[in-house]
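Here is the structure we will look at, set down as structure tokens.
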Amino acid sequence: MALAELIVLILKLSIAVLVFTVGLGTRPHELTALFRRPGQLVRSLVSMNVVMLALAVVSALLFPLDRTVKVVLIALALSPIPPVLPKKLVKAGGGHDYVMALLFSASIFAIVWIPFAGELLDRIFPADVSIPPVTVAKLVAITVLGPTLAGVVVRMLAPSLAGRVAEPLGKVATLLLLAGLSLMIVKAAPAMLALLRDGTLLAIVAFLVLGLAVGHVLGGPTPGDRSVLALATAARHPGVAMAIAQLIFPSDKSVAATVLLYLITSAVVTLPYVMWRKKALAPDPPLAGSPAH
């Protein structure tokens, strides 16, 4: 097995295990919470899918980017919420039920949305970006739905076991994920540096900042939900995005380089927002002289 194939296998395995550990802490009714709140469901899906796709199309038309980079940006906009995001969203102030319902709903919606949007995009760009529904369904099932539901089932059948194994499994999977990403970044470093000279970085930053703003505005009146939707709107599933782009450019090294540049930039750009939301949502300290409870 070649090193590149081994790295991809490590990344897929680590993501699947991480999602499984998230499922270990989730009850079935949490996955379907948004189906009982249709207004919030529609706002969330519009923010993460329709608005972000429009932003990606505008960026592709306005910025003088390489054709491959344009397709990767659009592929990122088409991709659902990444499966490793839930813990970060909860830390940013979101409720576990909304976070998990968002992950579940967005994943199901992606199976229908990505092929439909791809057909529409064929009329805007000369590149063929139509995506077979079976390919999308398989990818989403392997990386998100399958591991999540497996974790939920284990929690239902053996809750004490789920509680014991979730944390150690999560730590091992996180280490594997970081190791795999580090190897990919080293391998793709020359191609990533080349992208810094053609406006790709500026387009990615604009994509992320506008995504945070749109999600925050459409998040509704609850402050924690605003934080969750903002981060979920800006964050995209790198595996799905890379798979979509590689269907169009199967041997282009700039596909992986652009996705990795997006991941690094996303971590930097979203950090100030996460810190701000943590501070804004933190309980006020008791006033001096007030009675203790």
From the options LYS138, LYS87, residue that is modelled with pLDDT under 70, part of a helix (DSSP H, G or I) and surrounded by fewer than 24 Cβ atoms within 10 Å (Cβ to Cβ): LYS87
Residue satisfying all of: in the range 28-70; exposed (fewer than 14 other Cβ atoms within 10 Å of the Cβ) and either of a type in the set (Asp, Glu) or not in a helix (DSSP H, G or I) (or both); farthest from the chain's Cα centre (by Cα) among these: PRO64
Residue satisfying condition, being more than 17 Å from the chain's Cα centre (by Cα), under 23 Å from SER266 (Cα atoms) and at pLDDT below 85, within set GLY180, GLY118, GLY94, GLY170: GLY180
Restricting the range 227-265 to residues that are free of Cβ contacts under 8 Å to residues at least 24 places away in the same chain and over 23 Å from SER182 (Cβ atoms), the residue that is surrounded by the fewest Cβ atoms within 10 Å (Cβ to Cβ): SER251
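Report whether or not THR265 is more than 21 Å from VAL50 (Cβ to Cβ), under 15 Å from the mean Cα position of the chain (by Cα) and not charged (D, E, K, R). Break it down stepwise before answering.
Values: more than 21 Å from VAL50 (Cβ to Cβ): yes; under 15 Å from the mean Cα position of the chain (by Cα): yes; not charged (D, E, K, R): yes.
So THR265 fits the description; yes.
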Sole exception among (1) within 21 Å of the chain's Cα centre (by Cα); (2) crowded, with 18+ Cβ neighbours inside 10 Å for ARG155, by number: (1)
Flag if THR270 is touching a residue at least 60 places away in the same chain (Cβ under 8 Å) and among the polar types (S, T, N, Q): yes
Evaluation of ALA162 against (1) surrounded by fewer than 16 Cβ atoms within 10 Å (Cβ to Cβ); (2) part of a helix (DSSP H, G or I) (one fails), failing number: (1)
Filtered residue count, the range 194-231, keeping only those that are part of a loop (DSSP other than H, G, I, E, B) and either modelled with pLDDT of 90 or more or at negative phi (or both): 6
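The values are calculated or read from the model by the stated rules, or taken from the named source; none is laboratory data. Remember, it's a predicted structure, so these values are computed and weren't measured experimentally. Every residue, glycine as well, gets a Cβ built from its backbone with ideal geometry; the counts of neighbours run over all protein chains shown.
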